[in-house]
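See structure below.
Taken together, the values in this text are just the output of simple stated rules run on the coordinates, not laboratory data. Remember, it's a predicted structure, so these values are computed and weren't measured experimentally. Here the Cβ is made from the backbone with ideal geometry for all residues, glycine too, and neighbour counts use every protein chain on show.
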Amino acid sequence: MYFRIQGFPVSMHANSSWKNVADELNAVMGSLVEDSGVASTGFGPDVNIVEHKDKFEIVAELPGVKKEDLTLKMEKGELRLTAERKPWSVAENSRVVRKELRGSGTYVRSFRIPDEVESTEIGAQLSDGILRIELPKKRVAQPMEISVK
């Protein structure tokens, strides 16, 4: 299955040619889960979405984010991920010689969840800066033969 990316994070590692490629792929392949984009101030973690036989899985890199600074909310078919990374400081009488670490701030990302997900059974785990969200698929009635008496 393929996921539709609506709000490609232009402020991150993207340029217009990548956006065009993503739009064309989505037009050809169709969509199941829609990613409604990124609203970010300072950092924007990368996200992978994987489809398994019995579930979908969203994996997000959230280095430096603590469990208490992370919220997930499911409402009206949309899963909203909000994370806050606190700023770090340099000790007095010290200076930053090179800065490559992503900044601090609040990150919000929403995903439109397909009807085939059992929303009451969604689970999430944060470990070593990696957030894994499991979205189990609804059980579909299996065909069966009915005996006639």
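Put a dot 7 Å past the Cα of residue 51, heading toward its Cβ, do the same for residue 147, and the two dots end up 3.8 nm apart. Which of rounded, prolate, oblate describes the range 65-133, given a ≥ b ≥ c as roots of the alpha-carbon gyration tensor eigenvalues and a/c under 1.5 marking rounded, otherwise prolate only if a/b is larger than b/c? Prolate. Rounded to the nearest 20 debye, the dipole magnitude of the range 52-149 is 240 debye, with +1 charges on Lys and Arg beta carbons, -1 on Asp and Glu beta carbons, and the Cα centre as origin.
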